[in-house]
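Just so you know, all these numbers are worked out from the coordinates, no wet-lab data involved. Everything numeric here is computed off the predicted structure, so don't read it as measured data. Because the Cβ atoms are built from the backbone with ideal geometry, glycine has one as well, and the counts that use them run over all protein chains shown.
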Amino acid sequence: MREALSALAHGVELAEGRRHHADDLHMTLVFLGQIAPSQRRCIEDVADRIRSAPFDLTIDHTGYWPRPRILWASPEETPKALGQLVADLNNGLRGCGFEPERRSYKPHVTLYRKARKAITTQLASPITWRVNEFVLAASATADSHRSRYQVLNRWRLV
């Protein structure tokens, strides 16, 4: 999956931008920001209670948000199972002190940051992603001042 998304990022015409490292390509389900050590156990308890079957996600177009200068890849339609997974996480995380985003969930994988311009398109060959797990990840600044992601825990969808 990461190889396909990385190849997609290589093929996009940009004036300039900072491409995400292939190992860091991901789709955020719920953004938590900074968490206290005491919140991590609560977050993991919520994730332990999630029950969802694996599902397919079809990445079939790219888009561009000019204000944050982000080029992304996304499904045209959000699968019901993905929407339910996000809702279940948000509902459980309220008990850990997190408020869900007010904006509706827009699944996407960030391909480039600080992109000056980008050609957005429907993909001639959509990418099918078999979603069979989700993770708790933390970002850390690497030597190059770029965020890299570290997986702290993972949960299988069964």
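Structural remarks
- Applying the criteria of a DSSP loop state and at most 12 other Cβ atoms within 10 Å to the chymotrypsin sites (Phe, Trp or Tyr not before Pro) of the stretch 1-66 yields PHE31.
- Net charge contributed by nearby residues that have their C-beta within less than 15 Å of THR78 (K/R +1, D/E -1): -3
- Charged side chains reduced to their Cβ positions (Lys and Arg at +1, Asp and Glu at -1) give the chain a dipole of some 440 debye around its Cα centre.
- Three-way shape call for the chain based on the alpha-carbon gyration tensor, with the a/c threshold at 1.5: prolate
- Only one residue of SER139, TYR64, LEU25 has its Cα farthest out toward the positive end of the dipole of the stretch 24-151, where Lys and Arg carry +1 and Asp and Glu -1 on Cβ, and that residue is TYR64.
- The relative contact order of the chain comes to 33 percent, based on Cα pairs under 8 Å that sit 6 or more residues apart.
- Nearby lysines by direct alpha-carbon distance to LYS80 (threshold 27 angstrom, same-chain neighbours under 8 apart not counted): LYS106
- The stretch 35-97 shape via C-alpha gyration tensor axes, a/c threshold 1.5: oblate
- For SER52, SER125, SER147, order by how many other beta-carbon atoms lie within 10 Å, fewest first: SER125, SER147, SER52
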